[in-house]
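Worksheet: one structure, shown below.
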Amino acid sequence: MSPLRIAIVGFGKIARDQHVPAIAATEGAVLAAVASPNTSLAGVPQVATLEELLRNGPPFDAVALCTPPQVRRDQAAIALAAGKHVLLEKPPGAMLSEIGPLLTAAVAARRTLFATWHSRVAPAVEPARLLLAGRRITAVRISWKEDVRVWHPGQAWIWQPGGLGVFDPGINALSILTRILPQPLFVTSADLAFPANRDAPIAATLRLADAAGLPIFAEFDFRQTGPQSWDIHLDTDQGPVILSSGGAKLSAGGVQHVVAAAAEYAGLYRRFVELTATGEPDVDLTPFQLVADAFLLGHRRTVEPFEDAT
Ligand code: NAP
């Protein structure tokens with residue numbers, strides 16, 4: 001079978017750091033082109049926009065949309081209308097309601113729409129899910145705290161409406177949580193801190209629960225200097241379980257479990273190639289729904305203005 005020819009749309013940090021090497025490492029996938037206004041990759045055909053790619057670019061079968069979430073819906077709709085498969089970076093868009101019509105279009109065209117959650121394929125997540133399946137979980141605490149100036153320098157879109165602010169990384173924790181817990185979750189309260197000069201939160205606390213009343217407390221903060229944390233602590237009837245480093249490490253009862261190193265994005269591309277063989281979609285909006293509910297329910301506080309590093 002000929003390889004899936006993929007065009008990356010939006011050549012920023014994640015495209016460069018993860019998508020290019022993952023496509024190169026995936027059997028049955030090949031990078032055909034890049035569409036990005038200002039950035040190119042040596043040796044790969046490049047145009048500024050998806051529209052131009054469709055008009056004048058080399059042939060391709062699929063797009064990986066690595067653009068900011070606010071522009072992805074239009075790009076996904078254009079790609080599907082042109083008969084291309086679509087991989088969406090997380091979050092799947094800027095709004096929940098924009099995904100339904102995309103899914104309908106994808107199914108009608110028999111093209112794959114794949115809403116990726118890279119943290120769900122972090123190496124310790126599946127081992128954690130299996131471990132927890134045999135235990136009763138009694139409480140969960142999430143600490144997802146990073147320095148926005150280190151990890152998102154100059155990313156104006158993250159602070160604009162639809163950019164999610166601190167939930168841009170925070171949704172990764174929720175994507176893991178909704179994978180490893182056996183029951184559906186809902187938000188019971190939220191507190192959101194908005195810088196006076198920004199349209200997205202710089203910090204948030206959330207309380208969530210499942211139908212049985214499992215207490216879940218989550219702290220997200222973009223102002224963390226010093227040690228960074230991407231950790232989920234679970235109290236269980238057989239002792240604590242800790243999933244740390246964004247899902248890369250697992251410890252239970254103080255003992256570190258050895259998990260096989262696995263590249264998250266290679267796993268996503270293997271799945272994408274698999275899905276496109278039949279045009280099947282893979283769209284789970286659960287983490288996005290929780291974030292949307294935090295915005296719907298959250299108490300908003302205004303905090304000091306945020307200025308990016310110059
Ligand atoms: P980024 O560095 O700001 O890159 C986004 C790129 O999109 C920019 O380089 C820009 O290209 C391009 N772009 C903007 N508008 C465009 C348009 N209309 N058409 C085509 N290209 C356009 O952002 P990022 O960190 O890569 O994040 C992108 C997405 O990946 C976000 O949803 C984020 O949540 C997700 N993600 C990021 C990370 C991470 O560690 N950074 C990790 C996982 C997932 P030019 O440079 O050509 O102007």
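The values are calculated or read from the model by the stated rules, or taken from the named source; none is laboratory data. Worth saying up front: this structure is predicted, and the values here are computed from it rather than measured. Glycine gets a Cβ as well: all are built from the backbone with ideal geometry, and neighbour counts include every protein chain shown. Ligands, DNA and RNA are stripped out before the accessible areas are found, and what is left, the full protein with its side chains, is counted by its heavy atoms. Shrake-Rupley method; radii C 1.70, N 1.55, O 1.52, S 1.80 Å.
Between Ala260 and Thr39, the modelled labels are 3.2 nm apart [label points 7 Å from Cα along Cα→Cβ].
So for segment 159-292, considering every pair of alpha-carbon atoms, how many percent are separated by more than 25 Å? Kindly include the intermediate steps, with their values, before the conclusion.
Details: 3345 of 8911 pairs.
Taking all Cα-Cα pairs of segment 159-292, the fraction more than 25 Å apart is 38 percent.
A DSSP coil position with no more than 15 other Cβ atoms inside 10 Å describes none of the GluC sites (Glu not before Pro) in segment 57-158.
Largest accessible area first, the listed residues Thr278, Thr138 line up as Thr278, Thr138 when surface is computed with a 1.4 Å probe on the assembled protein chains. If R0 equals 25 Å, the separation of the Cβ atoms of Ser97 and Ala48 corresponds to a calculated FRET efficiency of about 0.30.
Which FRET efficiency, nearest 0.05, do Ala209 and Asn56 yield, Cβ-Cβ r, R0 45 Å? Kindly include the intermediate steps, with their values, before the conclusion.
Details: r = 53 Å, r/R0 = 1.17.
Working from the Cβ atoms, E equals 0.30.
Which one, Gly165, His118, Ser97, projects farthest toward the positive side of the charge dipole computed for the chain from Cβ point charges (K/R +1, D/E -1)? Value: His118.
One-quarter of the Cα convex hull surface for segment 4-115, in nm²? Walk me through the intermediate numbers first.
Working: hull surface 25.4 nm².
That works out to 6.4 nm².
As a fraction of the 1.4 Å probe accessible area of the chain, surface on carbon and sulfur atoms comes out at 54 percent. Listed by chain and number, the aspartates and glutamates whose C-alpha is less than 12 Å from the C-alpha of Lys90, apart from same-chain residues fewer than 8 away, are Asp168, Asp284. If you wrap the tightest convex hull around every Cα atom of the chain and split its volume per residue, you get 139 Å³. At a Förster distance of 30 Å, what's the computed FRET efficiency of Gln70 paired with Glu274, Cβ-Cβ distance as r, to 0.05? Efficiency at R0 = 30 Å is approximately 0.55.
Bridging of Lys249 to aspartates and glutamates at a Cα separation below 16 Å is possible for Glu126, Asp231, Glu264, once same-chain residues fewer than 8 apart are set aside.
For Ser40, Ser229, what's the largest-to-smallest order of accessible area, 1.4 Å probe?
Numbers: Ser40 70, Ser229 15 Å².
Ranked list, largest accessible area first: Ser40, Ser229.
Fully extending the segment from Glu307 to Ser251 would add 16.4 nm, taking 0.36 nm per residue of separation and subtracting the current Cα-Cα distance.
Roughly how many debye, to the nearest 20, is the charge dipole of the chain about its Cα centre, given +1 on each Lys and Arg Cβ, -1 on each Asp and Glu Cβ, and no other charges?
Details: 26 positive and 29 negative charges, 61 e Å.
Roughly 300 debye, rounded to the nearest 20.
Multiplying the residue separation of Thr104 and Glu27 by 0.36 nm and subtracting their alpha-carbon distance yields 24.8 nm.
At a threshold of 8 angstrom on Cα-Cα distance, excluding pairs fewer than six apart, so keeping six or more, what relative contact order does segment 43-87 reach in percent? Reported relative contact order: 40 percent. In the context of the full set of protein chains, residues of segment 99-201 present 39 Å² of accessible surface per residue (probe radius 1.4 Å, heavy atoms only).
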